[in-house]
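We did not get these values from a lab; they are worked out from the coordinates using the rules stated. From a predicted model like this one, the values you see are computed outputs, not experimental measurements. Cβ: placed from backbone, ideal geometry, glycine included. Neighbour counts: every protein chain shown.
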Amino acid sequence: MKRIGIFYGSSTGTCEELAGMIADRLGVDKCDVHSADRLSADLVARYDVLLLGTSTWGDGELQDDWYDGIRVLNSSDLTGKDVALFGCGDSESYADTFCDAMGLLYEGLKGSGCHFIGGGVSADGYMFSSSVAVVDGNFVGLALDEVNESDRTPQRIDDWIATLRPLLD
């Protein structure tokens, strides 16, 4: 299996918890799960696959740790690395910016040389009105709503991981 590093940006702990759930289901050791504020080029170089998670804040903004984190990623050599994105948001209170930060990570890394995996998650079944994380009717990664749809989170994570597994060997 390829070496996987999970990086999350979390202000309230929700995205951190989701990163832990994903790590458990993938069998990723806790020492390979990192806060985005600890990102460094050396740390990025350790991994073949980067799973990047963020919550969405304010009016569709990145979680604070990702502002420096995205600069670190863009200054690192991501050529040949697989990158999968996951994000959390509130589809009811922020229906017009649901998981926008995940879309911002995607946009920020498009020219980095990385290879995106884990996208193509259908937006069907989600309750929101707009998201920059949706391209051609699909999310660019795994979108989760722990505020309104936490009962769907385990299945959504399992379905997403099932699409990733064949790419991680």
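Can you give the FRET efficiency to the nearest 0.05 for Asn74 and Asp29, using r as the Cβ-Cβ distance and R₀ = 25 Å?
FRET efficiency, Asn74 to Asp29: 0.40.
Would you work out which of Ala45, Ala101, Gly27 lies farthest towards the positive end of the dipole of the chain, given +1 charges on the beta-carbon of Lys and Arg and -1 on that of Asp and Glu, about the Cα centre?
Ala45
Decide, for segment 114-169, between rounded, prolate and oblate: order the square roots of the alpha carbon gyration tensor eigenvalues as a ≥ b ≥ c, take rounded if a/c falls under 1.5, and otherwise choose prolate if a/b is larger than b/c, else oblate. Could the numbers behind the result be given before it?
Numbers: a/c = 2.50, a/b = 1.28, b/c = 1.96.
Verdict is oblate for segment 114-169.
Let's see if you can work this out: charge +1 on each Lys and Arg Cβ, -1 on each Asp and Glu Cβ, no other charges. What is the dipole magnitude of segment 25-70 about its Cα centre, in debye to the nearest 20? Working shown, then result.
Numbers: 4 positive and 10 negative charges, 59 e Å.
I would put it at about 280 debye.
Compute the length gained on full extension between Ala95 and Ser130: take 0.36 nm times their separation in residues and subtract their Cα-Cα distance, giving the result in nm to one decimal.
Details: separation 35, 0.36 × 35 = 12.60 nm, distance 0.64 nm.
Stretched fully, the Ala95-Ser130 segment lengthens by 12.0 nm.
Can you put Ile161, Ile70 in order, fewest other beta carbons within 10 Å first?
Details: Ile161 17, Ile70 22.
Sorted ascending by nearby Cβ count, the order is Ile161, Ile70.
What is the fewest-to-most order of Ser122, Ser10 by other Cβ atoms lying within 10 Å of their Cβ? Provide the component values of the computation, followed by the final result.
Numbers: Ser122 11, Ser10 21.
Going from sparsest to densest Cβ surroundings: Ser122, Ser10.
Tell me the label only: which of [x] 57; [y] 34; [z] 46 is percent of Cα pairs over 22 Å apart as calculated from this structure?
[y]
If you rank Phe7, Phe116 by fewest surrounding Cβ atoms within 10 Å, what's the result?
Working: Phe7 26, Phe116 16.
Least crowded to most crowded, the residues run Phe116, Phe7.
About the Cα centre of segment 56-164, how large is the charge dipole given +1 on each Lys and Arg Cβ and -1 on each Asp and Glu Cβ? Please answer in debye to the nearest 20.
On the way: 5 positive and 20 negative charges, 99 e Å.
With only Lys, Arg, Asp and Glu charged at Cβ, the dipole is about 480 debye.
Are there trypsin sites (Lys or Arg not before Pro) in segment 28-72 that DSSP puts in a loop and that have at most 13 other Cβ atoms within 10 Å, and which ones?
Details: sites: Lys30, Arg38, Arg46, Arg71; in loops: Arg46.
Of the trypsin sites (Lys or Arg not before Pro), the ones in loops of segment 28-72 whose Cβ has at most 13 other Cβ atoms within 10 Å are Arg46.
Compute the Cα gyration tensor for segment 30-76, then decide on rounded, prolate or oblate, letting a ≥ b ≥ c be the square roots of its eigenvalues: rounded whenever a/c is under 1.5, prolate when a/b is larger than b/c in the other cases, and oblate in all that remain. Before the final figure, lay out the partial values.
On the way: a/c = 2.38, a/b = 1.66, b/c = 1.44.
Prolate is the answer for segment 30-76, as a/c is 1.5 or above and a/b outweighs b/c.
How big is the gap, in Å, between the Cα center of segment 72-146 and the Cα center of segment 1-60?
14 Å
How would you classify segment 1-95 from its alpha-carbon gyration tensor, with a ≥ b ≥ c the square roots of the eigenvalues: rounded for a/c under 1.5, else prolate if a/b is greater than b/c, otherwise oblate? Don't jump to the answer; show the numbers that get you there.
Numbers: a/c = 2.05, a/b = 1.37, b/c = 1.49.
Taking the square roots of the gyration eigenvalues as a ≥ b ≥ c, segment 1-95 is oblate.
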